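Chemist: Have a look at the structure that comes next, please.
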Amino acid sequence: MTVSTDSPAEPLRGARPEPASAVAATPTVAVIVVAAGSGTRLGHAEPKAFVLLHMRPLLDHALDSIFGMNEPVQIIVVAPVDRVADARAIAVRAAARHEAPTGFVTVVAGGRTRQDSVDQGMNALLPSVDVVLVHDAARALTPAALCDEVVAAVRATGHGVIPGQPVVDTIKRVAESGAILGTVDRSELSAVQTPQGFPRAMLEAARAWAVQNGRFEALTDDAALVADAGNPVSVIGGHPLAFKITTPEDLERADLILQAAAPQPTLLPRIGTGVDVHAFAADDTTELWLAGLYWPGESGLSGHSDGDVAAHAICDALLGAAGLGDIGSVFGTADPRFSGAHGHVFLEETVRLVAAAGYRVGNVSVQIIGNRPKFSPRRAEAETRLSGILSAPVNIAATTTDALGFTGRGEGIAATATALLYAAPEPGQTPDLNWEA
Ligand code: CTP
Ligand code: MG
């Protein structure tokens, strides 16, 4: 057996100052969380309690159950001998998350077998404790309420109490050859779980009895050990979430359960529209830039920037959907930095502003209205260019106006755009919905 590295008198280092009330509320219940196994069947390089489930070690999840109990309890974590410091760090973090004092949390090194590890935990019990729960860290998703129920049942009965679930499969006794020897009566069976709870005196006496009678090695289960010494132990209803993570399939199951329980971010749609018009430049030297592309040989558009009506209409649609104003108010036509600037400059900055406000672009639809240039030969190229800038699908349509109006007379080009944004909050973050904007 190995030696405890923390005594109960020596609470966790790194602990926050204890509130004065913590001294008075000395716990009468202790939970020994056995986490010193290697997890051979799980097959990870790390000991099982340190294997990550949803980015947190199994031990961290297991401690959530204990810190979630109704009454303050002494928590004794039994860790692999070479991982005591890591277990301590996990316990300090878990306590902080639950705003619990760490004064009643102790980490000790475990032993060769599970029962050796329980022994190490028993050595760290506070004198005030009269009910002891022994719990597998491997049952990482156990509801706190099950722990409370076990405590209540131990107090009510004055003897050992363990949670169990009815066995649903038909159970056969099978010979080594594979021949069926018989069917076991399922109604008498219970698949037992942890935490297993006992009056402290009964558990201590039973463990001493097992050692004296050479029964210690054979009795791997706390309840069996207590019953073997002649004490009553009864079963109360267990919980499906108290299943033990033993194999990779169990870990996958736990992962799926947590995934299903995690709140999905609500994607709130926001829509915006934009319109822009530029006249063709009077001179022949102005280049035409439209939908992010250069159009050699075509008449250019006049304007403070490069006159890319499609890019500008998209900016207005995006800013409008995010409630961030419009291109004029954001960029300012008088700002010399944007003199002659190409459409992508405005688009990139608009996308940055929209993302900073907590949105991502769903899709954008653009309509270009004008006689020239003939757009369809370069539609795909323009869509690829703009989709790349926005990281979202962009569809571009083009039309003439049947010789009517300023576009029909060839005086300029117009564009309209519609943009869909999604508010995509990080979990736990409130999106800026700009309802007032
Ligand atoms: N345990 C322990 N000390 C040991 C062996 C096991 O504290 N010497 C703990 C485990 O950490 C686990 C619980 O007892 O929380 C149940 O054991 P099990 O599921 O068998 O875990 P491992 O022994 O780690 O796994 P394996 O048997 O696959 O190696
Ligand atoms: Mg084991």
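The values are calculated or read from the model by the stated rules, or taken from the named source; none is laboratory data. The structure presented is a predicted model; accordingly, all values stated were derived computationally and were not measured. Every residue, glycine as well, gets a Cβ built from its backbone with ideal geometry; the counts of neighbours run over all protein chains shown. Accessible surface is based on the protein model in full, side chains and every heavy atom, while ligands, DNA and RNA are left aside. Shrake-Rupley method; radii C 1.70, N 1.55, O 1.52, S 1.80 Å.
Chemist: Quick one: in the stretch 93-119, of everything that is among the polar types (S, T, N, Q) and within 16 Å of ligand 2 (Cβ to nearest atom), which residue is surrounded by the most Cβ atoms within 10 Å (Cβ to Cβ)?
Modeler: Across the stretch 93-119, the extreme among qualifying residues is Ser117.
Chemist: Further, regarding this structure: So, in the stretch 1-52, how many residues would count as being at pLDDT below 90 and basic (Lys, Arg)?
Modeler: 2
Chemist: State all residues of the stretch 352-394 that are hydrophobic (A, V, I, L, M, F, W, C), touching a strand residue (DSSP E or B) at 6+ places or on another chain (Cβ under 7 Å) and in a helix (DSSP H, G or I); if no residue qualifies, say none.
Modeler: Step one: list which residues in the stretch 352-394 are hydrophobic (A, V, I, L, M, F, W, C), which gives 353-357, 361, 364, 366, 368-369, 375, 380, 382, 386, 389-390, 392, 394.
Narrowing the set further to residues that are touching a strand residue (DSSP E or B) at 6+ places or on another chain (Cβ under 7 Å) leaves 354, 361, 364, 366, 368-369, 375, 382, 386, 390, 392, 394.
Correct list: Val354, Ala382, Leu386, Leu390.
Chemist: Looking at (1) touching a Pro at 6+ places or on another chain (Cβ under 7 Å); (2) assigned to a loop (DSSP other than H, G, I, E, B); (3) more than 14 Å from ligand 2 (Cβ to nearest atom); (4) not aliphatic (A, V, I, L, M), which is the one condition that is false for Gly39?
Modeler: Failed condition: (3).
Chemist: Of all residues being open to solvent by 10 Å² or more (accessible area, probe 1.4 Å) and farther than 15 Å from Ala30 by Cα in the stretch 120-152, which is nearest to ligand 1 (Cβ to nearest atom)? Just the residue, please.
Modeler: Ala138
Chemist: Does Gly325 satisfy the condition of being under 25 Å from Phe375 (Cα atoms), part of a loop (DSSP other than H, G, I, E, B) and among the small types (Gly, Ala, Ser)? Steps first, please.
Modeler: Working: under 25 Å from Phe375 (Cα atoms): no; part of a loop (DSSP other than H, G, I, E, B): yes; among the small types (Gly, Ala, Ser): yes.
Taking the combined requirement at face value, the residue does not satisfy it.
Chemist: Does the stretch 47-61 contain any residue that is open to solvent by 10 Å² or more (accessible area, probe 1.4 Å), aliphatic (A, V, I, L, M), away from ligand 1 (no atom under 16 Å from the Cβ) and in contact (Cβ under 8 Å) with a residue 12 or more places away in the chain?
Modeler: Checking the stretch 47-61: not a single residue is open to solvent by 10 Å² or more (accessible area, probe 1.4 Å), aliphatic (A, V, I, L, M), away from ligand 1 (no atom under 16 Å from the Cβ) and in contact (Cβ under 8 Å) with a residue 12 or more places away in the chain.
Chemist: Identify, by number, the condition in (1) away from ligand 1 (no atom under 16 Å from the Cβ); (2) over 30 Å from Gly323 (Cβ atoms) that Arg253 doesn't meet.
Modeler: Condition (1) is where Arg253 drops out.
Chemist: Follow-up. For His44, work out the one condition from (1) open to solvent by 10 Å² or more (accessible area, probe 1.4 Å); (2) touching a residue at least 40 places away in the same chain (Cβ under 8 Å) it doesn't fulfil.
Modeler: Among (1) open to solvent by 10 Å² or more (accessible area, probe 1.4 Å); (2) touching a residue at least 40 places away in the same chain (Cβ under 8 Å), His44 violates only (2).
Chemist: Restricting to strands (runs of 3 or more DSSP E) lying wholly in the stretch 207-309: which have 3 or more residues that are crowded, with 18+ Cβ neighbours inside 10 Å, in contact (Cβ under 8 Å) with a residue 24 or more places away in the chain and in contact with a Gly (Cβ under 7 Å, 6 or more places away or on another chain)? Even if it seems obvious, please write down each step before you answer.
Modeler: Values: elements: 233-237, 268-279, 288-290, 293-295.
Output list reads 268-279.
Chemist: Which pairs turn up if I take residues in the stretch 91-103 that are in contact (Cβ under 8 Å) with a residue 24 or more places away in the chain and under 17 Å from Ile76 (Cβ atoms) and look for partners that are outside any helix (DSSP H, G or I) and among the basic types (Lys, Arg) with beta carbon separation below 8 Å, at least 6 apart in sequence or on another chain?
Modeler: The qualifying pairs are Pro101/Arg16; Thr102/Arg16.
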